[in-house]
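Heads up, the thing below is written out as structure tokens.
The values are calculated or read from the model by the stated rules, or taken from the named source; none is laboratory data. These numbers were taken from a predicted model, which means no experiment stands behind them. Here the Cβ positions follow ideal geometry from the backbone for every residue, glycine too, while neighbour counts run over all protein chains shown.
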Amino acid sequence: MRLKTLSVLASAAIVTCVVVIAIFASVIAPEDPNRIRVKDRLGAPGDGSLIGRDYLGRDLWSRMVYGSRISLLVGASAAALSALGGTFIGLVGGYSRGRVGALLMRVVDTVMSFPATLLALSLMAVLGQRVSNIVIALSVTYVPRIARVVHASTLQIRELDYVASARAIGVGVPRLLLRHVLPNAVGPLFVQTSFIFAYAVIAESGLSFIGVGVPAGTPSWGSILADGRSYLLSAPWIMMSAGAAIFVLVLSLNIIGDALRDKLDPRLSRLSRNR
Amino acid sequence: MLGYVIRRVCGALLTVFVVATIAFTLMSIIPGDAAFYVLGKEATGGDITRFREQHGLNDPIHVRLARWYGGLLRGDLGESITQTGESVVGLVLGRLEPTVLLATFASIIGISMGVLFGVLAAVRRGKLLDFASMILALLGISVPGFWLGLNLILLFSLRLGWLPTAGYAPISDGFLTTLKYLVLPALALGFSQAGVIARMARANLLQVLSEDYMTTARSKGLREWRVVVVHGIRNSLIPTLGVIGISVVLVLGGAIITEVVFVLPGLGSLTVNAIMNRDFTLMQGILMFVAIITTGVNLFIDLLYGVVDPRIRYG
């Protein structure tokens, strides 16, 4: 089996594992993730807990298990919502080439010129610290990326003969976009959405790391990492476990995204066939 | 060329105008009363009224918007609502040095490593070097910069003691002293840039290498290095120029969290403080400031495209 296929399979297995852990968190976690045991604070891995304890003596493995829910929930929801919003804007912007299309794409370009972290931070400042608000903030931040991809595909597809034929036989615009244009733009859309899943996992942990993501006390990989920051030497396992979890999940998502791109993006797969 | 320049400059001005409107709207739709957020639960009705009058919050929204536009034209981004008497521009400028230096060093690392690995990967396509470069790039885009930063602190500062763990020394203390404080943050930030840029540079060069004129160059009997360097890299650098624009946006975004990790007193930590203190005017000003920088850089690159590639100028 080729190394590439192996890495894609391993990545899919890792993502599936994280999904299973997140779904069955209450069964898998040995302790309540917020149970404080001060006498065991900063306990080392293996010393009565699988991967150690944090500065309040909370079981790190239990917190990691519950934290996976936040990462997956935020990542998947932000990817789905931005795919939905971006597809709508991209289709309308690409199909109606008049003022509406130009204005929509101008707003998209403007939002894209903001650094994503800054935009997400500003939105969190306005909306307040809640998990649902992280999803909204990240979706707004990533909508333009999807919109650009769908817009580019729509511009190409709308000029094809079969679209002209559909128009000529009187197919209405909504049906034309959904039944004739969208199915052919799904490849790049799917690829971009998979990458946004990965970006959103990093972005959520970044926001929680600096204290503007999940509410205080909620176990999230980013907030666990922030907890470990003050104990780099005395309890490096806190920082290592949370960071490694984010890294491995994001790496797996990116590998799957790359495989999807090679499969679904005709231009790039042509280039790799030339090898 | 003049028409192209005018079109681009007008486009950039329009972008700044749209950003100004978005930034204002964003900070005006905060649920509840900004005065209440800033003054807290113990504020009396009198305090709130005074605060609202002092900051013009009682005026209708169109009056405030007009005042915001007017201020922008004069280069005035208003006053901070939590640090009374401090102008937003003053606060931003006071924090600019560490961020600009961090962004510059991180971009140098990101662009040079990214272009180098991207080009090597494309030239040696399908070989071990391509594989190794792309694995490195994949690691770059997947590793969270803040976690990489903590690992660098653990290794180089806490274990080996080579570099300071956190903080900043201004450039007036000497370039080398400043550099010591910026090496690790720039590496943490630059590595993920390098990942993004390497993948783009590789894709761009592969595209160019598959063009017909490359075959022509080879069939003329040119040496392979000349074909790649003179015909390939040169042409692939045109789309890679756009990478610099993207890099600036990425670096400015990444700098926010990196500054928190390394306790750098820059624009990023000012942003986080503004959010923690719910200083909405400062937040609005920072958004505007960063947008002007990124729009300016993108405009510059657009104009550069026009100079480098005549098809764009006349297209």
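Going through (1) out of contact with any Gly (no Cβ under 7 Å at 6 or more places or on another chain); (2) surrounded by fewer than 19 Cβ atoms within 10 Å (Cβ to Cβ); (3) not assigned by TED's automatic domain parsing to the domain that holds B:Leu206 one by one, B:Val100 falls short only on (3). For the criterion of being more than 16 Å from the chain's Cα centre (by Cα), farther than 26 Å from A:Ser208 by Cβ and of a type outside the set (A, V, I, L, M), B:Gly221 passes. Select, from A:Ile146, A:Ile136, the only residue that is at pLDDT 85 or above, more than 14 Å from every other protein chain (Cβ to nearest Cβ) and under 30 Å from A:Ile210 (Cα atoms). One residue alone meets the criteria, A:Ile146.
Within segment A:141-148, is even one residue among the hydroxyl-bearing types (Ser, Thr, Tyr) and more than 21 Å from A:Ile70 (Cβ to Cβ)? Taking every residue of segment A:141-148 in turn, none turns out to be among the hydroxyl-bearing types (Ser, Thr, Tyr) and more than 21 Å from A:Ile70 (Cβ to Cβ). Meeting the requirement of 2 or more residues that are under 30 Å from A:Leu207 (Cβ atoms) and of a type outside the set (Val, Ile, Thr), the helices (runs of 4 or more DSSP H) wholly within segment B:201-315 are B:234-261, B:267-276, B:280-308. Restricting attention to segment A:160-178, does a residue exist that is closer than 28 Å to A:Leu251 by Cα and either surrounded by fewer than 14 Cβ atoms within 10 Å (Cβ to Cβ) or among the polar types (S, T, N, Q) (or both)? The answer is no, given that none of the residues of segment A:160-178 is closer than 28 Å to A:Leu251 by Cα and either surrounded by fewer than 14 Cβ atoms within 10 Å (Cβ to Cβ) or among the polar types (S, T, N, Q) (or both).
Within segment A:155-175, residues that are part of a loop (DSSP other than H, G, I, E, B) have Cβ atoms under 8 Å from residues that are charged (D, E, K, R) and modelled with pLDDT of 85 or more in these pairs: A:Val171/A:Arg179, counting only partners at least 6 apart in sequence or on another chain. Residues in segment A:211-222 that are surrounded by fewer than 24 Cβ atoms within 10 Å (Cβ to Cβ), touching a residue at least 60 places away in the same chain (Cβ under 8 Å) and within 11 Å of another protein chain (Cβ to nearest Cβ): A:Val212 alone.
Suppose the filter is closer than 30 Å to B:Ser192 by Cβ, within 14 Å of another protein chain (Cβ to nearest Cβ) and either free of Cβ contacts under 8 Å to residues at least 60 places away in the same chain or touching a His at 6+ places or on another chain (Cβ under 6 Å) (or both); does B:Val18 pass it? It is true that B:Val18 is closer than 30 Å to B:Ser192 by Cβ, within 14 Å of another protein chain (Cβ to nearest Cβ) and either free of Cβ contacts under 8 Å to residues at least 60 places away in the same chain or touching a His at 6+ places or on another chain (Cβ under 6 Å) (or both).
Going by what's in this entry, would A:Gly52 be described as crowded, with 18+ Cβ neighbours inside 10 Å, on the phi > 0 side of the Ramachandran plot and not polar (S, T, N, Q)? Yes: the conditions hold for A:Gly52.
Here the condition is being more than 19 Å from the chain's Cα centre (by Cα) and touching a residue at least 12 places away in the same chain (Cβ under 8 Å); of B:Val115, B:Val123, B:Val89, B:Val143, it holds for B:Val123 alone.
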